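Worksheet for the structure shown next.
The values are calculated or read from the model by the stated rules, or taken from the named source; none is laboratory data. All of these numbers come straight from a predicted model, not from anything done at the bench. All Cβ positions, even for glycine, are placed from backbone atoms using ideal geometry, and neighbour counts span all protein chains on display.
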Amino acid sequence: MLIMRLMVLLAVLGIGGSVLLWLLTGNPRYRAWAWRALRIALIALFLLLALFALERVLVPVA
């Protein structure tokens, strides 16, 4: 769980930093990087949630 929180923190910092750089410089490269990082983070989140749901279904009730 700690590793997931660190990954979320790094994703938020990276996306926020690149959006801030885009706003300050106007360079579209930073906006493209932020958009790509956001999509990757959302895909990873949905995969993780799917694994949690699968675990919930497959693990017998104790």
**Request:** Mind telling me which of the residues Leu24, Leu42 ends up being exposed (fewer than 10 other Cβ atoms within 10 Å of the Cβ), aliphatic (A, V, I, L, M) and without any contact (Cβ under 8 Å) to a residue 60 or more places away in the chain?
**Result:** Leu24
**Prompt:** What residue, of Leu2, Leu58, Leu38, Leu21, is within 11 Å of the chain's Cα centre (by Cα) and aliphatic (A, V, I, L, M)?
**Reply:** Leu38
**Message:** out of contact with any helix residue (DSSP H, G or I) (no Cβ under 8 Å at 6 or more places or on another chain), surrounded by 11 or more Cβ atoms within 10 Å (Cβ to Cβ) and β-branched (Val, Ile, Thr): is that true of Val12 in this structure?
**Reply:** yes
**Top-ranked residue in segment 32-62 [being at pLDDT 95 or above and of a type in the set (Lys, Arg); ranked as farthest from Met4 (Cα to Cα)]** = Arg36
